[in-house]
Structure formats: structure tokens, C-alpha cells
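Inspection log for the structure reproduced underneath, given as C-alpha cells.
The values are calculated or read from the model by the stated rules, or taken from the named source; none is laboratory data. Keep in mind it's a predicted model, so treat the numbers as computed, not measured. Ideal geometry is used to build each Cβ from the backbone, glycine not excepted, and the neighbour counts take in all protein chains shown.
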Amino acid sequence: MTGEEPRKRALIWHLELLPPSETFIRNQVDSFSRWQPLLVGSVRRPSALSRDSDRFVFPNSRVGRIRAKLFHRTGRSRAVRRFVREVDPDLIHAHFARDGWIIAQTARSVGVPLVVTLHGHDITRWPAQRGARGLVARYRLRRLFATATTIVAVSDFIRGEAIRWGADPSKVVTRYIGVPSPIELPPNPEVKWDVVFVGRLVEKKGAEDLLLALSQADQAVPSNLRVAVIGDGPLRGSLERVAARYRLKVDFLGTQRPAEVSAALSSARVFAAPSKYAADGDAEGFGMVFLEAAAARIPAVAYAHGGVTEAVSDGITGLLAPEGDIAALASNIVTLLSDEESRVALGEEGRRRTQTDFNVRTCTAELERTFDAAVHDGSAS
């Protein structure tokens with residue numbers, strides 16, 4: 001007998017396990033120390049992030065997919081309640097608001113506290129929809145806010161959005177997710193790219209703004225810029241046409257594995273990702289990739305937008321331009337490419353900040369204390 005208390009069990013809930021863009025969920029789950037996490041999804045999504053230890057409620061069959069779809073629409077399922085009772089968790093932690101609403105009724109019926117983490121589009125775009133969809137989303141969000149014991153925001157910006165949409169301020173806490181401790185880098189890594197972009201090719205990520213800024217920056221530097229765009233999405237075709245129109249030397253690399261993204265960042269001079277408000281209200285909740293770049297000593301260029309201002313410290317770990325100011329964005333790119341001393345200094349400070357302020361194990365320990373408080377404060381209501 002060791003005398004140690006058994007680890008409390010957290011059922012980590014996400015509908016799909018696990019999209020390739022959500023490395024941050026896997027990193028957080030791997031960083032629990034006092035709590036025992038069990039990652040559970042509704043259906044399996046094949047990706048490099050999936051593991052055999054992940055659990056799924058519904059089988060990957062025609063009948064299973066139909067049952068899963070009904071559950072997603074209603075939030076009711078005997079199979080899910082039975083599954084949760086068998087797992088017998090001390091707490092359910094749901095990622096994203098919609099996922100939280102779907103599992104909320106189960107948490108309430110089983111009597112388990114529910115903690116939900118809000119990331120970005122789930123609290124900026126989802127409730128802002130027009131018409132009937134927006135009415136339904138806002139109703140579900142209110143129900144979620146009433147049921148959840150604690151609402152975790154990935155940034156102060158997202159905390160403000162949650163409160164704006166009706167969350168009780170006393171329930172909402174900011175908890176950064178963080179990134180793993182950066183690996184040791186060679187002192188003079190080979191530079192392959194002048195500028196690297198990483199993100200889904202959707203309006204919010206601002207890739208077109210970046211290409212337009214690069215068309216201006218390209219004229220101010222002595223040689224043609226070498227640019228890598230990592231990620232895929234519905235705007236890829238139009239972005240390729242923009243790059244061709246301005247004769248930019250851009251390699252569209254598509255979706256890459258996490259190790260490949262890290263390698264690309266490590267071989268770049270500047271990371272650029274000018275996230276902005278999309279027409280549908282979507283906004284950047286934080287931007288984990290800014291921390292990944294910082295861990296590789298690569299300074300960032302971006303807009304002063306949403307949660308990005310918390311991920312990038314202007315003039316300290318990167319340079320921020322006013323949202324939508326493409327000329328200022330281009331000027332910041334030229335500044336960092338032309339001034340090696342500043343570029344190196346910002347990169348070093350960014351790496352230091354990931355170790356001190358955004359280490360995933362430190363951040364996850366804080367989340368575990370939030371779980372402790374949620375269990376202490378009472379079960380789901």
C-alpha cells in the first residue's frame with residue numbers, strides 16, 4: 001500500500017477523434033499527471049493523431065453512424081449514458097461548445113460535473129449564425145452555460161466572447177493550453193523558407209491577405225521570397241491563382257504531419273499568419289501555431305486580432321499590424337527579413353516565453369486544479 005489517493009478519472013469528450021489540425025488536444029491529454037484522462041469520441045476520424053487507446057461510443061457501421069447522427073442532433077442516447085456509467089468518470093471535459101451541448105444532458109442525467117473548453121469558432125461563429133440555425137445555436141449555448149460547472153476559455157478574448165453570449169462570468173476561466181517543451185535546435189539550422197504560413201485555407205486565417213502583403217514585400221527585398229503554405233481548405237484554388245497572378249514563389253504543401261510542420265517552421269525565417277474576422281463572425285481564439293513557431297525560435301508576423309494578441313507579444317516575440325492593413329503587414333515582413341538582429345532577438349524571446357508561460361505541462365496542471373474545483377463545487381445540475 002502506497003497510501004496515495006487513486007487518480008480521478010476525466011472523460012475527455014470530442015465528437016471526432018482526432019482531426020489533424022487538433023494536435024493541441026492530444027498534447028493536453030498526454031500532459032495530465034494527477035488526473036487519469038480517457039479520450040472518448042462519438043465516431044473515429046482516421047488521422048495521424050488517432051490512437052488505439054481512444055474510445056468510441058458508436059461503431060463505424062451504417063447503423064452506428066445513424067445512431068451517432070441522431071445523438072448529435074438531440075443530445076439524447078441510451079448508449080452514451082450506458083457508456084459513461086461504465087467508464088464511471090469523476091468529471092467530463094468537452095472540447096468545443098457544440099460537443100459540450102451534445103454531452104451535457106448525459107452529464108446531467110449521470111450526475112457528473114461538466115467542464116467545457118471554448119476554442120474559437122464555437123463561440124464566435126456558431127452563435128452568430130443568422131436565421132433558424134442561429135436561434136437554435138444560441139438556445140443550445142444557453143443550455144450549455146446553465147449545465148456546465150465550469151467554462152474554460154483558451155484566451156481572455158474567448159472568455160469575453162463567452163460572457164458576451166450570456167455565460168455567467170463567475171463560471172468562466174481562462175486556461176491556456178500550451179505546447180510541449182521545445183526540442184533542442186541546431187545553432188544554425190538550414191534556412192529553406194523566408195516565410196511560412198500554417199493553417200486551414202479558409203477566410204479567417206487570412207492567407208489571401210498574406211499573399212497580397214508578400215506581393216508588396218517581394219519588391220522590397222533583394223531576392224525573390226521563398227514561401228511555404230502548409231494546410232488545405234476550400235480557398236486553395238483561389239490562393240494558388242493569386243500567387244500565380246503576382247508571380248510569387250509559393251509552394252502549397254497541403255496538410256502535413258506535426259513533425260513535418262515543426263521541420264518547416266525550424267527552417268524558416270519568419271512565420272506569418274494574419275488571422276482576421278471572417279464574414280460569418282469567425283475569429284481566431286488564440287492560435288496554437290504561433291507558439292509552435294516561437295518554440296522553433298521563429299518570430300511571427302500577424303494582425304492584432306482576437307486571441308492572437310495573447311499568443312504574440314508585439315515587438316517582443318513578433319510584429320502585429322492593424323487588422324486588414326496589408327501595407328503594414330508587408331512592412332513588418334520586410335523589417336524582420338532585413339534585420340537579422342531583431343529577428344533573432346524576437347525568436348529567442350518567443351522560445352523563452354513558450355518555456356515559461358506556455359509550457360503544456362504547466363498549463364495542464366492548472367487545468368487539473370480547475371477540475372479539482374469543479375468536482376468540489378458540485379455535480380452537474
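For (1) modelled with pLDDT under 95; (2) touching a Pro at 6+ places or on another chain (Cβ under 8 Å); (3) in the same structural domain as Val289 (by TED's automatic domain parsing); (4) aliphatic (A, V, I, L, M), each residue gets a yes or a no:
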| site | (1), (2), (3), (4) |
| --- | --- |
| Met1 | yes, no, no, yes |
| Trp35 | no, no, no, no |
| Leu39 | no, no, no, yes |
| Val43 | yes, no, no, yes |
| Arg62 | yes, no, no, no |
| Ala68 | yes, no, no, yes |
| Val84 | no, no, no, yes |
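Please state which one of Phe58, Phe32 is under 22 Å from Gln105 (Cα atoms) and assigned to a loop (DSSP other than H, G, I, E, B).
Answer to the check: Phe58.
Please work out which residue is modelled with the lowest pLDDT, limiting yourself to the range 155-199 and to residues that are part of a loop (DSSP other than H, G, I, E, B) and in contact with a Gly (Cβ under 6 Å, 6 or more places away or on another chain).
Among those residues, the one meeting the criterion is Gly199.
Name the residue, out of Ala48, Ala68, that is surrounded by fewer than 18 Cβ atoms within 10 Å (Cβ to Cβ) and not in a strand (DSSP E or B).
Going through Ala48, Ala68 in turn, just one is surrounded by fewer than 18 Cβ atoms within 10 Å (Cβ to Cβ) and not in a strand (DSSP E or B): Ala48.
Taking the range 32-42, which residues are polar (S, T, N, Q) and either under 16 Å from the mean Cα position of the chain (by Cα) or closer than 21 Å to Glu86 by Cα (or both)?
Answer for the range 32-42, where residues must be polar (S, T, N, Q) and either under 16 Å from the mean Cα position of the chain (by Cα) or closer than 21 Å to Glu86 by Cα (or both): Gln36, Ser42.
Out of Val173, Val191, report the one residue that is farther than 30 Å from Arg140 by Cα, surrounded by fewer than 21 Cβ atoms within 10 Å (Cβ to Cβ) and in contact (Cβ under 8 Å) with a residue 12 or more places away in the chain.
The match here is Val191.
Looking at the range 22-45, which of the residues that are surrounded by 18 or more Cβ atoms within 10 Å (Cβ to Cβ) and of a type in the set (Ser, Thr, Tyr) is nearest to Ser61 (Cα to Cα)?
Among those residues, the one meeting the criterion is Ser42.
If you take the residues of the range 126-140 that are basic (Lys, Arg) and part of a helix (DSSP H, G or I), which of them is surrounded by the fewest Cβ atoms within 10 Å (Cβ to Cβ)? Lay out the reasoning, then the answer.
Kept after step one, since they are basic (Lys, Arg), are these residues of the range 126-140: 130, 133, 138, 140.
Imposing the further condition that a residue be part of a helix (DSSP H, G or I) reduces the set to 133, 138, 140.
Numbers: Arg133: 11, Arg138: 16, Arg140: 19.
The extreme case among them is Arg133.
Could you pull out the residue among Phe58, Phe96 that is surrounded by 13 or more Cβ atoms within 10 Å (Cβ to Cβ), assigned by TED's automatic domain parsing to the domain that holds Phe371 and either in contact (Cβ under 8 Å) with a residue 24 or more places away in the chain or out of contact with any helix residue (DSSP H, G or I) (no Cβ under 8 Å at 6 or more places or on another chain) (or both)?
Result: Phe96 is the single residue among Phe58, Phe96 that is surrounded by 13 or more Cβ atoms within 10 Å (Cβ to Cβ), assigned by TED's automatic domain parsing to the domain that holds Phe371 and either in contact (Cβ under 8 Å) with a residue 24 or more places away in the chain or out of contact with any helix residue (DSSP H, G or I) (no Cβ under 8 Å at 6 or more places or on another chain) (or both).
Quick check on this structure: which one of Arg140, Arg125, Arg108, Arg159 is basic (Lys, Arg), in the same structural domain as Ile12 (by TED's automatic domain parsing) and in contact with a strand residue (DSSP E or B) (Cβ under 7 Å, 6 or more places away or on another chain)?
On inspection, the qualifying residue turns out to be Arg159.
Which of the residues spanning the range 105-125 are part of a loop (DSSP other than H, G, I, E, B) and within 21 Å of the chain's Cα centre (by Cα)? Break it down into steps so the answer makes sense when it comes.
In the first step, residues of the range 105-125 are kept if they are part of a loop (DSSP other than H, G, I, E, B); the result is 111-113, 119-120, 125.
Matches in the range 105-125: His119, Gly120, Arg125.
Quick one: which strands (runs of 3 or more DSSP E) sit completely within the range 200-313 and have at least 3 residues that are under 19 Å from Glu349 (Cα atoms) and assigned by TED's automatic domain parsing to the domain that holds Gly324?
Passing ranges, in order: 268-272, 300-303.
Of all residues in the range 207-232 being at pLDDT below 95 and more than 19 Å from Leu329 (Cβ to Cβ), which is surrounded by the fewest Cβ atoms within 10 Å (Cβ to Cβ)?
Per the stated criteria, the residue is Pro222.
Mind checking which residues of the range 73-86 are within 25 Å of the chain's Cα centre (by Cα) and buried (at least 16 other Cβ atoms within 10 Å of the Cβ)?
If the condition is that a residue be within 25 Å of the chain's Cα centre (by Cα) and buried (at least 16 other Cβ atoms within 10 Å of the Cβ), then Gly75 is the only one that fits.
Look through Ala321, Ala345, Ala374, Ala293 and report the one residue that is touching a Pro at 6+ places or on another chain (Cβ under 9 Å) and free of Cβ contacts under 8 Å to residues at least 12 places away in the same chain.
Ala345
With (1) of a type outside the set (S, T, N, Q); (2) assigned by TED's automatic domain parsing to the domain that holds Arg226; (3) under 23 Å from the mean Cα position of the chain (by Cα) as the list, and Leu367 as the residue in question, which single condition is left unmet?
For Leu367, the exception is condition (2).
Picking from Val115, Val110, Val154, which residue would you name as being crowded, with 16+ Cβ neighbours inside 10 Å and either over 30 Å from Ala294 (Cβ atoms) or basic (Lys, Arg) (or both)?
Val110
Which numbered condition trips up Asp282, out of (1) over 20 Å from Asp122 (Cβ atoms); (2) surrounded by fewer than 23 Cβ atoms within 10 Å (Cβ to Cβ)?
Single failed check for Asp282: (1).
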